[in-house]
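What follows is a single structure, written as structure tokens, with notes after it.
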There are 2 protein chains.
Amino acid sequence: MKNSETVSKCDCTTIHEDVVNNVKSKMPEEESLIDLADLFKIFGDSTRVRILWALNESEMCVCDISALLNMTQSAISHQLRLLKQSNLVKNRKDGKVVYYSIKDEHVKDIFSQGFLHIREK
Amino acid sequence: MKNSETVSKCDCTTIHEDVVNNVKSKMPEEESLIDLADLFKIFGDSTRVRILWALNESEMCVCDISALLNMTQSAISHQLRLLKQSNLVKNRKDGKVVYYSIKDEHVKDIFSQGFLHIREK
DNA sequence: TGAACGTTTGAACATCTATTCATATATTAA
DNA sequence: TTAATATATGAATAGATGTTCAAACGTTCA
């Protein structure tokens with residue numbers, strides 16, 4: 001639901017109007033922040049994180065990932081589809097086997113930044 | 001649910017056992033990756049992303065954030081609680097007013113890395 | 001004290017999401 | 001062709017999650 005602009009959902013009298021206006025002028029477009037959240041949503045599931053981490057080590061086929069994570073190949077396949085849709089992963093087909101690998105080199109860096117936060121307290 | 005080790009969920013014959021074993025030896029502890037996913041889960045909601053972005057500009061009270069994002073202060077309060085639990089945000093009380101601000105300086109960098117991905121296709 | 005205000009909290013609700021299950025597709029080999 | 005295998009897909013389900021609503025809490029000021 002977008003802000004309909006007609007009815008204000010804020011039920012309080014704004015205290016610091018200057019601050020609010022200043023920050024509002026500096027906020028990126030709503031769509032950008034939604035895109036950003038959608039990206040992090042992909043990283044917000046441990047199965048996908050483990051898949052990405054694994055593929056960061058080595059290209060692997062669906063079957064390999066299933067074995068590595070001890071999960072159904074169907075579950076893995078569903079997640080790989082999401083990862084591919086998000087342009088984080090690519091695949092190539094060799095006979096019956098489909099090999100997946102990391103598509104975006106930022107994945108590593110995103111992980112690193114995340115760990116920096118976790119490590120402190 | 002953890003891997004019960006007793007029953008294998010993988011329903012296929014492993015194709016590249018060497019690769020799987022090699023990658024398995026390089027995977028971080030499962031708990032680390034769960035923590036990482038939990039962190040990104042926090043970033044995976046546009047309301048929280050907008051709150052973090054806003055607080056990155058300036059300290060603000062709950063009321064201000066409600067006005068800025070045109071959302072109920074109750075909804076904002078609920079999200080601020082999550083952000084605080086995740087150590088991303090801290091607050092100080094001044095009379096009736098509670099001011100929130102960024103606690104972790106990595107927030108900015110995490111956003112930056114995310115944008116790097118989005119920007120390319 | 002009591003009213004007003006900013007904030008928090010818990011329950012309810014609707015929506016979203018990850019996995020499972022059954023089945024379909026595609027390729028190889030016999 | 002048929003059988004076997006790797007992968008993909010759609011529907012169903014259980015669980016997680018974001019917002020709303022009503023109410024409580026805590027502080028200030030008449």
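Where a number appears in this text, it was derived from the coordinates with a stated rule and is not lab data. Not measured: the values here are computed from a predicted model. Glycine gets a Cβ as well: all are built from the backbone with ideal geometry, and neighbour counts include every protein chain shown.
Averaging the inverse of every distinct alpha carbon separation and then flipping it gives the Kirkwood radius. What is it for the range A:71-121, in angstrom units?
Details: mean 1/r = 0.0786 Å⁻¹.
After inverting the mean inverse Cα-Cα distance, the result is 12.7 Å.
At a temperature of 25 °C and a viscosity of 0.890 mPa s, determine how fast chain B diffuses translationally according to Stokes-Einstein, using the Kirkwood radius over alpha-carbon pairs as Rh; express D in µm²/s, rounded to the nearest whole number.
Once the numbers are plugged in, D ends up at 141 µm²/s.
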query: For the pair B:LYS90 and A:VAL98, how long in nm is the line joining their label points, each one 7 Å along Cα→Cβ?
result: 4.8 nm
- prompt: Can you give the mean number of other chain Cβ atoms that lie within 10 Å of the Cβ atoms in peptide B:20-26?
  reply: 5
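How do B:MET71, B:MET27, A:MET60 rank when sorted from fewest to most other Cβ atoms within 10 Å of their own Cβ? All intermediate terms of the calculation are to be shown ahead of the outcome.
Numbers: B:MET71 20, B:MET27 15, A:MET60 24.
Fewest-to-most Cβ neighbours within 10 Å comes out as B:MET27, B:MET71, A:MET60.
Expressed as a fraction of 2.2 N^0.38 Å, the rule-of-thumb size for a compact globular protein of N residues, what is the C-alpha radius of gyration of the protein assembly as shown? Provide the component values of the computation, followed by the final result.
Working: Rg = 20.7 Å, N = 242, 2.2 N^0.38 = 17.7 Å.
Scaled against compact globular proteins, the figure is 1.17.
Let me have the relative contact order for chain B, percent, based on Cα pairs under 8 Å that are six or more residues apart. Before the final figure, lay out each step's value.
Numbers: 72 pairs, mean separation 24.3, N = 121.
Once normalised by length, the contact order is 20 percent.
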- prompt: So how strong a dipole does the protein assembly as shown carry about its Cα centre when Lys and Arg Cβ are +1 and Asp and Glu Cβ are -1, to the nearest 20 debye?
  reply: 280 debye
- prompt: Given a cut-off of 18 Å, what percent of all Cα-Cα pairs of the range B:50-93 lie beyond it?
  reply: 14 percent
